Amino acid sequence: MARQNGFTLIELIMVIVILGILSAFALPRFFDVSADARAARVNAGLGAARSALAIVNAKARLSNIGMGEVAQELTLQDKKISVKFGYPEQPFSLLIAAGMETDFDGAGADGIVHKNTHDMGTGRCGFRYIPPTTAGEAPRFEPWPGSSLPVTAADCRRS
């Protein structure tokens, strides 16, 4: 009886076919990690924005600046922030307070998205800041229409 050394051609072809089938399912998921990264970046920005709201509100209350319906400038770490009812008046003021103005931008009247071509074009990979309209009202964060909070990779996927 002859002894076999190595693999037959059929065995090698079967291994290559199985690897090809597995890669057909794994590669699209691997290449779409950019959507996960964009969602994580926006969620981190949302956390920073929430922290900035608390800081701005505390400073406005302590200094009694911007607590009424007329917007006033509040200085926070050498940055001027427009404050009304104790909170940033518009999204850009919130971006300045959170130190995110270089990486994030307002999209539309009250939206905040990351400054990259995809997110600025779709606006779905972001969140909305709704400032208070009356005294005693708290600001809100809302998802973009058609997306969710926290932002998911599905919200940030390239179509």
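Throughout, read-outs are computed from the coordinates displayed, never taken from laboratory work. Only a predicted model underlies this, so the values are computations on that prediction, with no experimental measurement involved. Cβ: placed from backbone, ideal geometry, glycine included. Neighbour counts: every protein chain shown.
Any residue in segment 9-32 that is in contact (Cβ under 8 Å) with a residue 40 or more places away in the chain, under 30 Å from His114 (Cα atoms) and not polar (S, T, N, Q)? Explain how you work it out, then say what you get.
Residues of segment 9-32 that are in contact (Cβ under 8 Å) with a residue 40 or more places away in the chain, as a first pass: 32.
After this cut, where a residue has to be under 30 Å from His114 (Cα atoms) as well, the list is 32.
If we keep only those that are not polar (S, T, N, Q) as well, we get 32.
Yes, there is a match, as at least one residue in segment 9-32 is in contact (Cβ under 8 Å) with a residue 40 or more places away in the chain, under 30 Å from His114 (Cα atoms) and not polar (S, T, N, Q).
Tell me which of these Ala60 doesn't satisfy, since it passes every other one: (1) aliphatic (A, V, I, L, M); (2) under 26 Å from the mean Cα position of the chain (by Cα); (3) surrounded by 19 or more Cβ atoms within 10 Å (Cβ to Cβ).
(2)
Go through segment 137-159 and count every residue that is over 12 Å from the mean Cα position of the chain (by Cα), farther than 30 Å from Gly68 by Cβ and surrounded by 15 or more Cβ atoms within 10 Å (Cβ to Cβ).
Of the residues in that region, 1 qualify.
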